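> One structure coming up, written as structure tokens, with questions to follow.
The values are calculated or read from the model by the stated rules, or taken from the named source; none is laboratory data. Owing to the predicted nature of the structure, the values given are computational and were not obtained by experimental measurement. Heads up, the Cβs are rebuilt from the backbone with ideal geometry, glycines too, and the neighbour counts pull from every protein chain shown. Heads up: the accessible areas ignore ligands, DNA and RNA and are worked out on the full protein's heavy atoms, side chains in. Shrake-Rupley method; radii C 1.70, N 1.55, O 1.52, S 1.80 Å.
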Amino acid sequence: MKKTENMPKHVGIIMDGNGRWAEERGKPRSFGHQVGATTLKELLHYIYDQGIQYVSLYAFSTENFGRDKKEVDFLMNLFVTLFKKELKSLKDLGVKVVFSGRHEPLSDTVWNAMEDLAATTKDGENGILNICLNYGGRYEIVDMTKKVVQKVLDGTLKLEEIDDKVIEDNLYQKLPPLDFVIRTSGEMRISNFMIYQAAYAEFYFPTTYFPDFKGKDFDEAILAFQNRDRRFGKNTKKKPNS
Ligand code: IPE
Ligand code: IPE
Ligand code: MG
């Protein structure tokens, strides 16, 4: 099903429920992450095929470092495999990959794989994939604040010139605001994901665990988005994204 009207320009996906998906099958949590990675690869191809330009993915939060070392290590190795092999195919779709998040305490192996994928796909002009890895929305605001204050101290920016445009220009990536955020697994919270960019996003919380979230589930999500009435504070009826 190809949809053309009222598509969200920027979709955020909080990929949640891998652990529970595996546990319900009597398998280790890592198995859920592994299957989730396959789901992700297929889903991304599906999404860009629909003509969506910007996707932000929540891959690993700053808080996720609080998990068992075994699970963190598994995820880090999975990211390296994904970036070095599986997601290279995004280049053929003309999708440019960028990353959001802090460098510390990611290992050089992970960081190099991230840089490598970004470099491989840097000329993509059909879409952007923003991977939030070692990412926290609060830290993004902290890091933005430091950049802006430094400019004021350097004299390249005046205090009275600071507005929302300046704030947006100093976030990790220059992207349009999020129109639509999907969080799988039934949890209804944002968990520190792009808190500034989601200011006027529509939210969608399917109960499906991420490994089971396929193209048809994405279609359903888009349909829900298209039936939302986005008002942006005004009292007029407004169609999504119009
Ligand atoms: C999301 O699935 C993947 C990451 C956070 C990296 P979870 O691992 O959070 O799965 P649940 O929520 O425990 O089921
Ligand atoms: C959010 O999921 C982070 C990612 C999906 C990468 P979590 O599973 O870590 O969030 P909480 O702990 O349920 O809020
Ligand atoms: Mg979770």
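> Going through segment 63-75 one residue at a time, which ones are part of a helix (DSSP H, G or I) and either within 13 Å of ligand 2 (Cβ to nearest atom) or of a type in the set (Gly, Ala, Ser) (or both)?
GLU63, ASN64, PHE65, GLY66, GLU71, VAL72, LEU75
> With the requirement that a residue be without any contact (Cβ under 8 Å) to a residue 24 or more places away in the chain and more than 16 Å from ligand 3 (Cβ to nearest atom), what does segment 169-206 give you?
ASP169, LYS174, ALA199, PHE203
> Then there is this: Every residue in segment 155-208 that is over 13 Å from the mean Cα position of the chain (by Cα) and on the phi > 0 side of the Ramachandran plot, please.
Residues satisfying the conditions are GLY155, SER185, GLY186.
> Let me ask another. So, in segment 113-155, exactly how many residues are touching a helix residue (DSSP H, G or I) at 6+ places or on another chain (Cβ under 9 Å) and over 28 Å from LYS96 (Cα atoms)?
Qualifying residue count, segment 113-155: 2.
> Restrict the check to segment 204-225 and report whether at least one residue is under 23 Å from LEU57 (Cα atoms), in a loop (DSSP other than H, G, I, E, B) and touching a Cys at 6+ places or on another chain (Cβ under 9 Å).
No, every residue in segment 204-225 fails to be under 23 Å from LEU57 (Cα atoms), in a loop (DSSP other than H, G, I, E, B) and touching a Cys at 6+ places or on another chain (Cβ under 9 Å).
> Sticking with this one: GLY12 is checked against (1) part of a helix (DSSP H, G or I); (2) within 16 Å of ligand 3 (Cβ to nearest atom); (3) of a type outside the set (S, T, N, Q); (4) more than 17 Å from PRO211 (Cβ to Cβ) and fails just one. What number does that condition carry?
(1)
> Here is a further query. Any idea which of (1) open to solvent by 10 Å² or more (accessible area, probe 1.4 Å); (2) at pLDDT 95 or above; (3) over 17 Å from the mean Cα position of the chain (by Cα) is the one ALA59 doesn't satisfy?
Here ALA59 clears every test but (3).
> Do you know which of the residues in segment 176-190 that are among the aliphatic types (A, V, I, L, M) and crowded, with 20+ Cβ neighbours inside 10 Å is nearest to ligand 1 (Cβ to nearest atom)?
Among those residues, the one meeting the criterion is ILE182.
> What helices (runs of 4 or more DSSP H) completely inside segment 103-175 contain at least 1 residues that are open to solvent by 60 Å² or more (accessible area, probe 1.4 Å) and farther than 29 Å from ASN64 by Cβ?
137-154, 164-169
> Report yes if PHE60 is within 16 Å of ligand 3 (Cβ to nearest atom) and assigned to a helix (DSSP H, G or I), otherwise no.
no
> Could you list all residues from segment 15-36 that are open to solvent by 50 Å² or more (accessible area, probe 1.4 Å), near ligand 1 (Cβ under 10 Å from one of its atoms) and either in a helix (DSSP H, G or I) or within 17 Å of VAL97 (Cβ to Cβ) (or both)?
Across segment 15-36, the qualifying residues are ARG20, GLU23, ARG29.
> Can you tell me how many residues in segment 82-102 are open to solvent by 60 Å² or more (accessible area, probe 1.4 Å) and in contact (Cβ under 8 Å) with a residue 40 or more places away in the chain?
Counting residues in segment 82-102 that are open to solvent by 60 Å² or more (accessible area, probe 1.4 Å) and in contact (Cβ under 8 Å) with a residue 40 or more places away in the chain gives 2.
> A further question follows. How many of the residues in segment 37-52 are open to solvent by less than 10 Å² (accessible area, probe 1.4 Å) and polar (S, T, N, Q)?
1
> Looking at GLY137, GLY124, which is the one that is within 16 Å of ligand 2 (Cβ to nearest atom), of a type outside the set (Val, Ile, Thr) and in contact (Cβ under 8 Å) with a residue 12 or more places away in the chain?
Every option except GLY137 fails the conditions.
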